[in-house]
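Written out below as structure tokens is the structure these notes cover.
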Amino acid sequence: MIALSLAEIAGIVGGELADVTPEAAAATRVTGTVEFDSRAVTRGGLFLALPGARADGHEFAAAAVAAGAVAVLAARPVGVPAIVVPPAEGADAGAGVLEHDVDGAGAAVLAALARLAAAVAERLTAGGLTVVGITGSSGKTSTKDLVAAVLAPLGEVVAPPGSFNNELGHPWTVLRADGSTDFLVLEMSARHPGNIAALAAIARPSIAVVLNVGTAHLGEFGSREAIAATKGELPESVPPSGVVILNVDDGAVAAMADRTRARVVRVSQEAGASADVWADGIGLDALARPQFTLHSAAGEVDVALAVHGEHQVSNALCAAAVALECGARPEQVAAALAGAGPASRHRMEVTTRADGVTVVNDAYNANPDSMQAGLKALAWMARGEGERRRSWAVLGEMAELGEDAITEHDRIGRLAVRLDVSRLIVVGTGRSPSAMHHGAVMEGSWGSEAALVADADAALAVLRAELAPGDVVLVKASNSAGLGALADALAADTGIGDR
């Protein structure tokens, strides 16, 4: 973050100083990072005391200051230097913006954080910072990582770790930028209409990327049309001087060209799609890593990706379009993409053990579109370069699908059978996992080909007992299913003969 005094921050967020004199507030500057985890506080930082479902950050304020924070941004006095932003009477505006609801105090602290981030972003963009915003129903994190990789040769890049893409992680990421930052790459998620517009208002993007409109969070939005309307808030936020990059292979995304005053750059996997950046000659290697020829007005270049799955081609094209707009040469883009492996945990992480078992850990998140992409990648890897490999799909629940949950889980179970996955292990006890297992059985799976187990421990026990050298295993579910630890344990196993 740029250095600001406590007095300046109090003025920006509309807070009152507590346990610090006005003279000290004017002289004391925040020179470190803003953190909401007291264990991550560094010297000169600012601690965010956020009330949460498991713990109240106010209880860790003193520890944060002892660890080096110069002050705390809080909803009440905490006995150490603080900027206090008490909630308005009856405030509950923060409900639902995080993984767990926050009360009025939490909403006040989040609003103050947003105001601080917006002020910092405004100063930095005036000084030349380029803000890139990315949204889509699936692929946001993978694309964010690719964008960060292709921009790195051009300057200093700040991008969020993992999926820091909501009303807490988004401004937290903005505040990682400082005067040396050239590019700020932001991932934007939404659970309700207006969420993306609010995030874009914190740091106005000059380049926006829309990947796709799928069915993630369908239970909260109600329809794909409502999801598209919300994703379209991002191109609407870009000023006329900016650029909007649209994946026109998705019709709902292509239609967003009418929702922006900015210049539109269209990307496609089809050469005949009137695209500005496109791919042809797409192929996959034995581990489903794509290769293709990238075409643009700047020229053409052959690209070999280090990430897995044909769905990564669209992500890479969007990343390439961003870099080309920022002045990169096609050869620079190709080199950066070739070196950009999975950077965020549990997203198509591919590990091949000493015994030849390949584990594909894609357990961070899942929706019908990403589940389909993961299964297709698994099926391709199982084909191998020689003898066909046995494939395992270990799948858990896809969350937040609402009234479509049973139908969509049934469809994924049937797809696993149609793709000739050797073994399907469905993890969970609810109606959705049961529907996935039922779909597989009804599609023609029989005996032990499709199994329904209660939890991750039971699934791991089956795998450890029955895996053979050379098998390939996909582990995928929404994060709430907790299958990431299963995949980590499986990948860390030394091999069939060492157990």
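Structural remarks
- Unmet criterion (only one of (1) open to solvent by 20 Å² or more (accessible area, probe 1.4 Å); (2) touching a His at 6+ places or on another chain (Cβ under 9 Å); (3) modelled with pLDDT of 95 or more) for D258: (2)
- For the stretch 261-272, taking the residues that are under 24 Å from the mean Cα position of the chain (by Cα) and open to solvent by 20 Å² or more (accessible area, probe 1.4 Å), the one that is nearest to Q312 (Cα to Cα) is identified as Q269.
- Residues in the stretch 333-386 that are out of contact with any helix residue (DSSP H, G or I) (no Cβ under 7 Å at 6 or more places or on another chain) and of a type in the set (F, W, Y): W380 alone.
- First in the stretch 10-25 and in contact (Cβ under 8 Å) with a residue 12 or more places away in the chain, second anywhere and among the polar types (S, T, N, Q), Cβ under 7 Å, 6 or more apart: A25/S5
- Which listed residue, of L415, L460, L401, L419, is touching a residue at least 24 places away in the same chain (Cβ under 8 Å) and in contact with an Asp or Glu (Cβ under 7 Å, 6 or more places away or on another chain): L401
- Enumeration of residues in the stretch 218-250 that are at pLDDT 95 or above, of a type outside the set (D, E) and surrounded by fewer than 20 Cβ atoms within 10 Å (Cβ to Cβ): P239, P240, S241
- Here the stretch 328-352 is the region considered, the condition is being touching a strand residue (DSSP E or B) at 6+ places or on another chain (Cβ under 7 Å) and at pLDDT below 95, and the residue that is most open to solvent (accessible area, probe 1.4 Å) is T352.
- Taking the criterion of being charged (D, E, K, R) and either open to solvent by less than 20 Å² (accessible area, probe 1.4 Å) or assigned to a loop (DSSP other than H, G, I, E, B) (or both), the residues of the stretch 353-392 that qualify are R353, D355, D362, E385, E387, R388, R389, R390.
- Taking the criterion of being under 14 Å from I406 (Cα atoms), aliphatic (A, V, I, L, M) and either open to solvent by 30 Å² or more (accessible area, probe 1.4 Å) or touching a strand residue (DSSP E or B) at 6+ places or on another chain (Cβ under 7 Å) (or both), the residues of the stretch 427-441 that qualify are M436, A440.
- Residue among D457, D410 that alone is open to solvent by 30 Å² or more (accessible area, probe 1.4 Å) and within 27 Å of S137 (Cβ to Cβ): D410
- Selection count, the stretch 460-480, where residues are among the hydrophobic types (A, V, I, L, M, F, W, C) and either open to solvent by 60 Å² or more (accessible area, probe 1.4 Å) or out of contact with any helix residue (DSSP H, G or I) (no Cβ under 9 Å at 6 or more places or on another chain) (or both): 3
- In the stretch 314-352, the residue that is nearest to the chain's Cα centre (by Cα) out of those that are polar (S, T, N, Q) and either within 22 Å of G133 (Cα to Cα) or in a helix (DSSP H, G or I) (or both) is S344.
- Residue match in the stretch 125-145 (condition: assigned to a helix (DSSP H, G or I), more than 24 Å from V313 (Cα to Cα) and open to solvent by 30 Å² or more (accessible area, probe 1.4 Å)): yes
- Scanning the stretch 273-313 for residues that are among the small types (G, A, S), part of a strand (DSSP E or B) and either over 30 Å from T358 (Cβ atoms) or open to solvent by 30 Å² or more (accessible area, probe 1.4 Å) (or both) yields G281, S296, G299, A304.
The values are calculated or read from the model by the stated rules, or taken from the named source; none is laboratory data. All of these numbers come straight from a predicted model, not from anything done at the bench. We place every Cβ from the backbone using ideal geometry, glycine too, and count neighbours over all the protein chains shown. When the accessible area is computed, the model is the full protein with side chains, heavy atoms only, and any ligands, DNA or RNA have been set aside. Shrake-Rupley method; radii C 1.70, N 1.55, O 1.52, S 1.80 Å.
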